[in-house]
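Only the coordinates and a few stated rules stand behind these numbers; no lab work does. Since this is a predicted model, take the numbers as computed values, not measurements. Positions of Cβ are backbone-derived with ideal geometry, glycine not excepted, and every protein chain shown enters the neighbour counts.
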Amino acid sequence: MSNLDTHPEETVCRTAADDHAVAQLLEPRDVPLGGLRGIHVSRLLPQRGLPTVGAWCFLDVFGPNNSQMSVLPHPHTGLQTVTWPIAGEIHHRDSVGSDVLVRPGQLNLMTGGHGVAHSEISANGGEVLAGLQLWVALPAERAGMAPAFEQHVDLPVYAHGGVTATVLAGTLGEATSPATVHTPLLGAELRVAEGSRTTVPLRPDFEHAVLAVGGPLVVSGVEVPSGRLLYLGTGRSELMLSAGRDVRAVLLGGEPFADELVMWWNFVGRSHDEIAAARADWEAGRPRFGVVHGHGGARIPAPELPAVRLTPRRRHGR
Ligand code: MN
């Protein structure tokens, strides 16, 4: 998906699960993606004061609705994109030659690196479309790597008590995703069964966050309403999950990301000049981003750069 919003505003609410552990309940922002039949998304990351969870630097939730996704070719740099449909199918084409349908339960991981372009078009007629779009920031030494695309249709599952987790990235319990990531990372879709109360093991050196999807759940003593993200910090060895009815949740985690990132439009970098160069290359149609076949040359133009220099997003306390 393309990020058409270049003036984010975030609000942060704080709560406390206990005296020691971090637990911040974060609000989404409603962001129109533009276009005549464009869709609105709920943006959970980045947040003011919390640009990343591990290397996860972007989290949008879309649907459920009957809108069609129609995102023409657009570029990415310095990141990996994860498209995770919950309902509906998306036709993905990119400039490394991929031409695939993205289906629920399947991981589609595109690595932008030095430069890639892709399109995402609904492939499900008038059916309901819902899902997640996530970005993973590449570490500085990999940010300029060659672009790539992976599709994983048979992901490992961690099941314990009333929780069933499909592991997108990293390891949960004994289940390890085959997805290629470049920093210590965790991503999983959890299904928490009605009336269950169970624990999920965590790495204490990772920071974590949980998004509730389609219903509320209680995470280590904190009620998380549907559509909110609970940031949990580092230092936890497990999560306690309970739900009054069947709900879905997304668990994100990773080693806290050291670099301060400059994020603008669909580019992730480390300086204004790097982002400005990527924008100029896209606008000039330079070969850096390749060609997405099947659109007759149609593409999304980059917005104008703001009048001021882009600056890194910083964490609270830095
Ligand atoms: Mn995209």
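For the chain, the longest principal axis of the alpha carbon atoms and the long axis of helix 272-283 meet at an angle near 60°. On the beta carbon distance between A307 and T180, with R0 = 35 Å, the FRET formula returns roughly 0.35.
The Cα trace of the stretch 122-165 gives Rg and Dmax of 16.5, 43 Å, the first to one decimal, the second as a whole number. If you take the Cα centroid of the stretch 222-258 and the Cα centroid of the stretch 45-65, the two points sit 13 Å apart. Taking every alpha-carbon pair under 8 Å whose residues sit at least 6 apart, the stretch 166-305 reaches a relative contact order of 22 percent.
The slack in the chain from E150 to N65, taken as 0.36 nm per residue of separation less the alpha-carbon distance, amounts to 27.9 nm. For L239, the residues 5 or more places off, or on other chains, whose built amide H falls under 5 Å of its own are V200, L202. Remark on the stretch 122-250: ratio of C-alpha radius of gyration to 2.2 N^0.38 Å is 1.13.
In terms of overall dimensions, the stretch 170-214 has a Cα radius of gyration and Dmax of 12.1, 37 angstrom. Derived scalar couplings between HN and Hα for the stretch 45-57 equal 9, x, 10, 4, x, 9, x, 9, 10, x, 8, 5, 10 Hz in order, rounded to whole Hz, by the Karplus curve 6.51 cos²θ - 1.76 cosθ + 1.60 (θ = phi - 60°), x for Gly and Pro. Remark: relative contact order (the chain) = 19 percent; criterion is Cα-Cα distance under 8 angstrom and separation of 6 or more residues.
Once Rh is set to the Kirkwood radius over Cα pairs, what Stokes-Einstein translational diffusion coefficient, in µm²/s, holds for the stretch 253-318 at a temperature of 37 °C and a viscosity of 0.692 mPa s? My calculation gives 235 µm²/s for D. With bins 20 Å wide beginning at 0, the percent of Cα pairs of the chain falling in each bin runs 34, 60, 6.
What is the Cα centroid distance between the stretch 107-133 and the stretch 276-290, reported in whole angstrom? So the separation of the two Cα centres works out to 21 Å. For the stretch 19-120, the relative contact order comes to 23 percent (Cα pairs under 8 Å, sequence separation of at least 6). The E255 and T199 beta-carbon pair, evaluated with R₀ = 25 Å, returns a calculated FRET efficiency of approximately 0.70. Considering only the Cα atoms of the stretch 55-187, their convex hull presents on average a projected area of 8.0 nm². Packing around the peptides 295-302, 161-168, taken as the average count of other Cβ atoms within 10 Å per residue, puts them in this order, highest first: 161-168, 295-302. For the stretch 32-125, the Kirkwood estimate of the hydrodynamic radius, built from every pair of different alpha carbons, is 14.2 Å. Rounded to the nearest whole Hz, the Karplus-based 3J(HN,Hα) values (6.51 cos²θ - 1.76 cosθ + 1.60, θ = phi - 60°) of the stretch 221-235 follow the sequence x, 10, 6, 10, x, 4, x, 9, 10, 9, 8, 10, x, 9, x, with x at glycine and proline. Across the stretch 112-118, coupling constants 3J(HN,Hα) worked out from phi with the 6.51/-1.76/1.60 Karplus curve, θ = phi - 60°, read x, x, 4, x, 8, 9, 8 Hz, and Gly and Pro carry x. When each of the peptides 58-70, 77-89 is scored by the mean number of other C-beta atoms lying within 10 Å of its residues, the order from highest to lowest reads 77-89, 58-70.
Between R315 and E283, the simple label model (points 7 Å from Cα in the Cβ direction) yields a spacing of 3.5 nm.
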